[in-house]
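Step one of this worksheet: look at the structure below.
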Amino acid sequence: MAMEYFAGISDALRLTFVQVMILATLSIGIFLIGMYINLKKWGMGSTGYGDAPSKSVLAFPKTLMYQMNEHAHVHNQSVLETFVLDILFQRRILRRSPLRWFMHFTIFFGWMALFALSLAMFLVEMIHMVAGEAAHSLPEFMNPAVFRELLAVPNDIFSYILLTGIIIAIYRRLFVTKVREATIAYDSILLIGLTVITITGFIADGIRTGRFWGFDMPYEWAPPAALFHVIISLLFCIAYIPFSKYIHMIAIPLALLANKGGE
């Protein structure tokens, strides 16, 4: 059942589970290449007064680790405090605007939680596939169909959390004058992409389970709907990140760790 879920639109456009896994691997590969390019770019500065710019991809990680172990020029809080309060809790945004904080937090928390759940599902699928005939000896919850059902409620919860943040972001872009005037096409593309991914996820799950998000579409449409959702999720939420504005999800936490947080 799990292997057939990504059946495809037609025989001519049929994708197997293995092919989807290959696509996932390629997306991760593109992400790593993009991060390599960014790390090299971030490390192009000199590492000391009068030194020539570094061309090593390791320059930035080394500088970051050094900075994290030094007394910051302004702030001197611990790495743990910075990680919990400034990165996870995002208190700097909270002090500027509670609504903007709630939007960022729900999008960040929902996205990361759904990513973790998807990764867990991916690992179970891979273990089940590699185990082959020995799969029957695995614990029952390691059966992909059973594990998917176990994740059903958490997936619903975090999906609605993410959707809440997206709705707030759309509202601010459309009806808050200051935000609307500052919005550029690049911001709109990112928000539209995230919205499409979230809505298609709801629709694909609704068709499969028969809930209202399926809009009474026939069950036969579940595989192509899931396939579309998976492909754009892999390309937009993984491969595209290092080349888009979403790189701030990585760059800003690193900057906060380097500077030991701050208000």
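The values are calculated or read from the model by the stated rules, or taken from the named source; none is laboratory data. Here the structure is a predicted model, which is why all the values come from computation and not from measurement. A quick note on method: Cβ atoms are made from the backbone with ideal geometry, for glycine too, and the neighbour counts reach across all protein chains shown.
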Query raised in the report: Taking the stated definitions as given, is LEU190 assigned to a helix (DSSP H, G or I) and over 14 Å from the mean Cα position of the chain (by Cα)?
Result: no
Query raised in the report: Of TYR160, TYR246, which residue is of a type outside the set (S, T, N, Q), modelled with pLDDT under 85 and under 19 Å from the mean Cα position of the chain (by Cα)?
Result: TYR246
Query - Residues that are in contact with an Asp or Glu (Cβ under 8 Å, 6 or more places away or on another chain) and within 28 Å of PHE60 (Cβ to Cβ), drawn from the range 211-252 - result: LYS245
Report task. Have a look at LEU174, LEU257, LEU194 and point out the one that is of a type in the set (A, V, I, L, M, F, W, C) and surrounded by fewer than 13 Cβ atoms within 10 Å (Cβ to Cβ). Result -> LEU174
Query - Pair list, Cβ under 9 Å, 6 or more apart: the range 105-118 residue under 12 Å from TYR160 (Cβ atoms) and among the hydrophobic types (A, V, I, L, M, F, W, C), other residue assigned to a helix (DSSP H, G or I) and modelled with pLDDT under 90 - result: PHE109/LEU88
Query raised in the report: When the range 137-174 is examined, which residues are found to be charged (D, E, K, R) and within 24 Å of PHE108 (Cβ to Cβ)?
Result: ASP156, ARG172, ARG173
Report summary line: Only one of (1) surrounded by 14 or more Cβ atoms within 10 Å (Cβ to Cβ); (2) at pLDDT 60 or above; (3) not polar (S, T, N, Q) does not apply to ILE33, and that is (1)
**Report entry** Flag if LEU150 is surrounded by fewer than 19 Cβ atoms within 10 Å (Cβ to Cβ), closer than 22 Å to MET112 by Cα and over 19 Å from the mean Cα position of the chain (by Cα)
**Finding:** yes
Query raised in the report: Going by the structure shown, is ILE184 more than 26 Å from ALA24 (Cβ to Cβ), surrounded by 14 or more Cβ atoms within 10 Å (Cβ to Cβ) and free of Cβ contacts under 8 Å to residues at least 24 places away in the same chain?
Result: no
Query - Cross-chain or 6+ apart pairs with Cβ under 6 Å, the range 211-240 first and over 30 Å from ILE33 (Cα atoms) and among the aromatic types (Phe, Trp, Tyr), then modelled with pLDDT of 85 or more and assigned to a helix (DSSP H, G or I) - result: TRP213/PHE202; TRP213/ILE203; TRP213/GLY206; TRP221/ILE207
Query raised in the report: What number goes with the only condition from (1) modelled with pLDDT under 80; (2) buried (at least 18 other Cβ atoms within 10 Å of the Cβ) that ILE238 does not pass?
Result: (1)
Requested in this report: Of all residues in the range 130-147, count the ones that are of a type in the set (S, T, N, Q) and either within 17 Å of LEU119 (Cβ to Cβ) or surrounded by 13 or more Cβ atoms within 10 Å (Cβ to Cβ) (or both).
Outcome: 1
**Report entry** Restricting the range 203-222 to residues that are in contact with a Lys or Arg (Cβ under 9 Å, 6 or more places away or on another chain) and buried (at least 19 other Cβ atoms within 10 Å of the Cβ), the residue that is farthest from PHE158 (Cα to Cα)
**Finding:** ALA222
Report task. Determine which member of the set HIS104, HIS136 is over 18 Å from HIS229 (Cβ atoms), of a type outside the set (Gly, Ala, Ser) and modelled with pLDDT of 90 or more. Result -> HIS104
